Amino acid sequence: MVAPRGRGYGPPMTDTSVRVSVGPLLRDWRRRRRLSQLDLALDAGVSPRHLSFVETGRARPSARLVLRLAERLGVPLRERNQLLLAAGHAPVCEQRALDDPDMEPVRDAVAQVLAGHEPYPAAVVDRHWEMLADNAGIGLLVEGVDPGLLAPPANVLRVALHPDGMAPRIANLAEWRAHLLERLARQVELTGDPQLRSLHEELCAYPAPPIEDGRPEVPRGGAIAVPLRLRHGDGELAFISTITTFGTAIDITAAELSIEAFLPADAATAEAVRAAAPGQASS
């Protein structure tokens, strides 16, 4: 899960998908959101008849209509560009590499969030869960992980659930595995991303711990979130995770960034992490 210090962010991803017409793409997004043509038409302020003509290719939507429908459907910025191109319009959402000079505010914000979470672990991932950056605390999570899994581009979900990754140290593996797979499955359903679908299939094929009565492990009493319980030395560390995103991003790269931080779920974990951090004194 840890990326080598000083690793570059790399250039923007390019889209090599085959060009298709905009109608089927919009129809797929509408069905993925479980909306009828009438529901979407009313929400977007367009006649159901015109929306039907757009989906069947009998009408060519304006760029404004494409963007309005995409907004109502919650289509990610990258895919909004694809819809515009499929309709014969120019894309409107830019995509810069994180090392681009214009992205300095984003880099600064990411660095501040990562540093602010120390000594607790935090990492930056892209939409495919590949590591882009981390802080020093991540080393605590990936102790004993096969170095091959940590080679860039390290995928944090693969590192977590692979039998040579964190899985042997996760005390509540059945529960944590179910949580990660459900989260990824929901992302696949919302985006239709084939790379995420392939990742989900791969993770599902990893060895899984037995589950009593066919049900995932029930969180301990009083739990407010699914914890990550990690064996450490003679004891156990417990973390809850939080996700930070750029909520007003208009650049594709920025919109697809997520910062996942692991915060102590109990006082014992907080003390153990602070004690293990260089230059930190336990309280």
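The table below lists the values:
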{"read-out": "Derived scalar couplings ³J(HN,Hα) [segment 26-37; Karplus, 6.51 cos²θ - 1.76 cosθ + 1.60; whole Hz; x for Gly, Pro]", "value": "5, 4, 4, 5, 5, 5, 5, 8, 6, 10, 7, 4"}
{"read-out": "Estimated vicinal HN-Hα couplings, Hz - segment 235-241 in sequence order (Karplus 6.51, -1.76, 1.60; Gly, Pro = x)", "value": "x, 8, 9, 10, 10, 10, 9"}
{"read-out": "Signed unit charges on C-beta, dipole axis of the chain, positive-most listed residue Leu173, Leu65, Pro194", "value": "Leu65"}
{"read-out": "Most positive-pole-ward Cα, Gln95, Gly137, Ala276, against dipole of the chain from beta carbon charges", "value": "Gln95"}
{"read-out": "Helical mean residue ellipticity (222 nm; -39500 (n - 2.57) per DSSP H run of 4+; nearest 500) of the chain", "value": "-12000 deg cm²/dmol"}
{"read-out": "Ranking of Asp100, Asp234, Asp43 by count of other Cβ atoms within 10 Å, fewest first", "value": "Asp234, Asp43, Asp100"}
{"read-out": "Two-site label geometry, Arg186 and Arg64: point separation in nm, points 7 Å out along Cα→Cβ", "value": "3.6"}
{"read-out": "Exposure proxy order (Cβ contacts within 10 Å, fewest to most) of Asp251, Asp99", "value": "Asp99, Asp251"}
{"read-out": "Label-point separation in nm, Arg231 to Ser258, each point 7 Å along Cα→Cβ", "value": "2.8"}
{"read-out": "When the convex hull of its Cα atoms is projected in every direction, mean area for segment 91-219 (nm²)", "value": "10.0"}
{"read-out": "C-alpha center-to-center spacing [segment 228-283, segment 53-79] in angstrom", "value": "39"}
{"read-out": "At R0 = 41 Å, FRET efficiency that the Cβ-Cβ distance of Val113 and Ser36 yields, to 0.05", "value": "0.50"}
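Read the figures in this text as sums done on the coordinates, not as results from a lab. Here the structure is a predicted model, which means the values were calculated and not measured. In this analysis, Cβ positions are derived from the backbone assuming ideal geometry, glycine residues included, and neighbour counts consider all displayed protein chains.
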